[in-house]
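Written out below as structure tokens is the structure these notes cover.
What follows is calculated from the coordinates using simple rules that are stated; it is not laboratory data. Predicted model only: the values in this text are computed from it and were never measured. Because the Cβ atoms are built from the backbone with ideal geometry, glycine has one as well, and the counts that use them run over all protein chains shown.
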Amino acid sequence: MEYFVQQLINGITTGSIYGLIAIGYTMVYGIIGMINFAHGEIFMLSTFIALIVITALGILGMSSVALIIFALLLVLVVAMVLTAVWGWAVERIAYRPLRGSFRLAPLITAIGMSIVLQNFVQITQGARVKPLQPIVSGGYTLMEKDGFQVALSNMQIIIVVLTVGLMTAFSLIIARTPLGRAQRACEQDRRMASLLGINVDRTISLTFVMGAMLAAVAGVMYLLNYGVIDFYIGFVAGVKAFTAAVLGGIGSLPGAMLGGLLIGLIETFWSAYFSVEYKDVAAFSILAIVLIFLPSGLLGKPEVEKV
Amino acid sequence: MSHWDENPVLSVEHLTMRFGGLVAIDDLSFSVGRGEITALIGPNGAGKTTVFNCITGFYKPTEGRITLHPHVDGGETFLLERMADHEIAREAHVARTFQNIRLFGGMTVLENLMVAQHNELMKASAWTIGGVLGISGFRSAEHEAMDRAKYWLDHIGLLDRADDPAADLPYGAQRRLEIARAMCTEPVLLCLDEPAAGLNPRESNQLNELLRYIRNEHGISILLIEHDMSVVMQISDHVVVLDYGCKISDGTAEEVRNDPSVIAAYLGVEDDEVEDVEAEVEGAAK
């Protein structure tokens with residue numbers, strides 16, 4: 001029982017990070033119908049930006065708790081802004097010029113962009129793994145039995161609270177603000193949206209910016225929680241998050257979050273009860289099984305063709 | 001010179017549109033009178049929709065000039081053939097509908113009307129940041145937009161369905177909603193491509209009422225393409241007839257109805273038979 005609860009906590013934490021990245025995939029797919037394969041790299045960039053800012057601010061040497069909290073908030077904001085610029089630039093350079101082109105063209109540039117970003121970081125930051133000492137430490141022991149403690153770390157609490165908060169905020173933006181309405185309108189009929197005076201290009205850019213910002217939050221959390229990053233983490237995280245988006249139903253915001261949680265949980269439980277080596281196999285197998293029975297994912301709307 | 005040429009809201013001059021070797025519109029000139037309903041009619045393939053596409057920026061005309069005069073007393077004019085489609089919508093305030101319904105089916109009826117007021121709301125919400133924080137400027141702008149949306153919903157009789165998905169409305173109601181949505185963009189000129197297509201007689205009458213209301217109470221100029229002659233004859237102040245991309249008649253509904261070349265175009269007679277038809281029409285008139 002204790003073991004189970006501990007795995008549940010770990011799974012939800014991992015799942016939250018996947019969910020945050022998955023939203024970027026799902027929102028971009030919703031509005032322009034393409035998979036932004038460079039999104040995992042955007043996540044990876046944000047971890048490096050965060051590491052650089054943490055080092056520059058000298059957070060590791062700080063002793064006052066209030067100062068550390070303030071500095072970490074600053075890291076989060078700087079990482080979100082700079083990552084948003086990267087996200088915006090990728091769209092501007094690699095996707096917008098191909099908007100009128102055939103469907104596969106932006107998919108190919110997306111893969112190209114992904115390779116470019118990976119190599120850029122590898123060259124400028126080196127290929128070695130970058131470690132970071134834990135900054136947020138401490139936590140609570142929820143229960144204890146026969147020497148096995150169920151631990152809930154402060155970092156895990158922060159991750160889950162931040163994820164829930166951001167999910168709520170973004171759902172409200174999509175549902176209630178003019179920007180969200182414009183995004184949903186562009187999703188359904190870009191040409192008509194343009195004829196109603198909506199600047200479609202700007203709306204698409206803002207979608208990439210929003211996705212990149214959420215990926216940046218995930219990146220900062222990932223760095224603080226796991227403490228090791230390298231230029232290649234974007235690939236695995238990206239594939240997992242993409243899987244989460246598809247599992248939840250691509251195009252659906254709550255679906256992305258649910259998919260992220262499920263992938264996180266499946267992975268964690270599989271590693272805990274079966275074997276760590278096969279955790280990815282388990283996650284992808286579940287994806288395959290779900291897609292056989294629910295081709296549009298768990299929360300995706302099936303496309304009904306009116307005749 | 002007819003009254004619609006005196007102070008037109010839109011003047012189309014020597015418009016030509018070629019697709020490769022095909023001449024879709026050939027040296028077409030006409031005016032849309034201010035505060036009037038102008039109908040563009042003609043047999044299938046006459047080039048009516050192509051004219052619309054040139055006016056609203058979907059096509060760049062091969063030759064010719066399309067000028068919008070938004071203000072009665074001169075002032076700023078727009079050369080529409082030089083503008084992109086979203087600029088025509090946003091800056092020149094020309095709204096259009098399509099032959100097929102293009103509502104945002106997954107959004108609610110009310111949201112469809114709110115989206116049409118996107119630009120003011122976006123500014124008022126300080127590009128979303130203020131919207132999230134709920135600043136008062138945004139709230140009042142949102143209220144204003146909501147009032148405008150409700151005003152039009154009331155007029156098209158859909159107030160009680162404001163929160164239903166637009167795709168769930170019956171066909172005729174969707175048509176009226178599209179016009180209401182176009183009106184929410186506060187247009188100078190409203191271009192309607194076959195608004196009465198597929199409507200039953202009762203819905204068709206409701207449409208006539210709505211268009212008259214827009215003209216009389218809001219003073220908006222309307223340019224419409226229509227096949228349903230009962231609609232055209234009842235509400236148009238001015239009718240322009242196209243055939244094979246050329247203007248064959250231009251006048252009031254009454255004048256056009258009796259124009260032999262129009263009758264010939266619709267009945268599809270050979271050019272040399274037009275004179276015979278003319279004679280017949282004249283004979284019948286006597």
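So the values come out like this:
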{"read-out": "Dimensionless Rg over Rh [the stretch A:107-239; C-alpha; Kirkwood]", "value": "1.10"}
{"read-out": "Largest-first principal axis extents, alpha carbons of chain B, Å", "value": "73, 40, 37"}
{"read-out": "FRET efficiency for A:PHE4 and A:SER285, using Cβ-Cβ distance with R0 set to 22 Å, rounded to 0.05", "value": "0.55"}
{"read-out": "Fraction in percent of alpha-carbon pairs per bin - 20 Å, the protein assembly as shown", "value": "18, 41, 26, 12, 2, 0"}
{"read-out": "A:LEU104-B:ARG82 pseudo-label distance in nm [points 7 Å out on the Cα-to-Cβ vector]", "value": "4.2 nm"}
{"read-out": "Axial C-alpha extent at least 20 Å, average Kyte-Doolittle at least 1.0 - helices from chain A (DSSP)", "value": "A:39-57, A:65-90, A:104-125, A:154-176, A:200-226, A:233-248, A:253-273, A:279-293"}
{"read-out": "Packing-based exposure ordering (other Cβ within 10 Å, fewest first) of B:THR49, A:THR55, A:THR83", "value": "A:THR55, B:THR49, A:THR83"}
{"read-out": "Under Karplus coefficients 6.51, -1.76 and 1.60, residue-wise ³J(HN,Hα) of the stretch B:101-112 in Hz, glycine/proline x", "value": "6, 10, 7, 7, x, x, 9, 6, 4, 5, 4, 4"}
{"read-out": "Principal axis dimensions, the stretch A:14-232 - Cα atoms, whole angstrom, descending", "value": "63, 41, 35"}
{"read-out": "Exposure proxy order (Cβ contacts within 10 Å, fewest to most) of A:GLU187, A:GLU277, B:GLU87, A:GLU41", "value": "A:GLU277, B:GLU87, A:GLU187, A:GLU41"}
{"read-out": "Phi-based couplings in Hz for the stretch B:144-152 (Karplus 6.51, -1.76, 1.60; Gly and Pro marked x)", "value": "4, 4, 5, 4, 4, 4, 5, 4, 6"}
{"read-out": "Residues in the stretch B:57-84 reached by a label modelled at B:ASP27 [backbone nitrogen below 16 Å; 7 Å Cα→Cβ]", "value": "B:62-65"}
{"read-out": "Label point 7 Å beyond Cα of B:ARG257 along Cβ direction - residues of the stretch B:201-231 with amide nitrogen under 15 Å", "value": "B:228-231"}
{"read-out": "Stokes-Einstein translational diffusion, the stretch B:1-71 - Kirkwood Rh over all Cα pairs, 1.567 mPa s, 4 °C, in µm²/s", "value": "102 µm²/s"}
{"read-out": "Förster radius 45 Å - calculated FRET efficiency between A:ALA89 and A:GLN133, Cβ distance, rounded to 0.05", "value": "0.90"}
{"read-out": "Helix-only [θ]222 nm of chain B, DSSP H runs n ≥ 4, -39500 (n - 2.57) each, per residue, nearest 500", "value": "-11500 deg cm²/dmol"}
{"read-out": "Separation in nanometres of the label points that stand 7 Å from Cα toward Cβ, at B:HIS227 and A:ALA66", "value": "7.6 nm"}
{"read-out": "Cβ-derived FRET efficiency at R0 35 Å, B:ASP164 paired with B:ASP5, nearest 0.05", "value": "0.20"}
{"read-out": "Loop chymotrypsin sites (Phe, Trp or Tyr not before Pro), the stretch A:206-307, which have at most 13 other Cβ atoms in a 10 Å radius of their Cβ (DSSP)", "value": "A:PHE274, A:TYR278"}
{"read-out": "Amide H contacts under 5 Å for B:ILE25, placed H, 5+ residues apart", "value": "B:MET17"}
{"read-out": "At 0.890 mPa s and 25 °C, Stokes diffusion of the stretch A:102-184 via Kirkwood alpha-carbon radius, µm² per second", "value": "136 µm²/s"}
{"read-out": "Helical contribution to [θ] at 222 nm, DSSP H n ≥ 4, -39,500 (n - 2.57), averaged over chain A, rounded to 500", "value": "-24500 deg cm²/dmol"}
{"read-out": "Those chymotrypsin sites (Phe, Trp or Tyr not before Pro) in the stretch A:97-199 that DSSP places in a loop and that have at most 13 other beta carbons within 10 Å", "value": "A:PHE102"}
{"read-out": "Sequence-distant aspartates and glutamates (8 or more away, or on other chains) whose Cα lies within less than 18 Å of A:LYS240", "value": "A:GLU41, A:ASP230, A:GLU267, A:GLU277, A:ASP280"}
{"read-out": "Projected label distance in nm at B:LYS150 and A:LEU142, using a 7 Å step from Cα toward the beta-carbon", "value": "4.7 nm"}
